[in-house]
1. Select one label from [x] 16.5; [y] 27.1; [z] 17.1: the one whose number is Kirkwood radius over Cα pairs in Å as derived from the coordinates shown.
2. Which order, highest average first, do 33-44, 6-17 follow once you tally other Cβ atoms within 10 Å for each residue and take the mean per peptide?
3. What order do you get for 64-77, 47-60 when each peptide is scored by the mean count of other beta carbon atoms within 10 Å, highest first?
Amino acid sequence: MHLVPAERAGHRTIDGHRVCDAIAAIGDPGRVRAWADRFSLLADPNRLALLLALHRAGPLAVSDLAVATGMRDPAVSQALRLLRAAGTVTGEKEGRVVRYRVVDEATARLLDEYGAEYRAEYGADVRS
């Protein structure tokens with residue numbers, strides 16, 4: 001039980017080797033927190049819809065995202081502010097228009113998984 005922290009070393013275990021495997025699987029608490037924060041962003045259906053739209057369709061402006069998701073412009077802007085602060089999306093200004101895109105690679109991989117699951121379930125492209 002070489003991975004068990006000293007403060008937990010005295011606790012009784014049933015499968016000590018599995019406890020060590022579990023501790024190794026959990027890894028660094030900071031990394032666990034980062035993933036929990038990422039999942040928290042994805043847990044909101046509106047933010048997830050925005051991310052799916054951006055990931056699949058490419059850079060989009062607030063008004064285009066509002067039409068695509070059925071959200072109002074201010075709600076889209078607020079969600080994008082949160083996603084931008086988290087480092088999940090970035091905005092690129094072209095004249096007076098700001099187009100947003102997904103920049104977090106881990107989030108992009110999760111969104112890819114959604115697309116793969118959708119295609120497997122419905123036999124169609126997500127754009128269909």
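Bear in mind these aren't lab numbers, they're just calculated from the coordinates by the rules spelled out. Because the structure is predicted, anything quoted here is derived from the model rather than measured. FYI the Cβ positions are ideal-geometry reconstructions off the backbone, even for glycines, and counts take in every protein chain you see.
1. Only one option fits the structure, namely [z].
2. Put in order of decreasing packing, that is 33-44, 6-17.
3. Most protected by this proxy first, the peptides run 47-60, 64-77.
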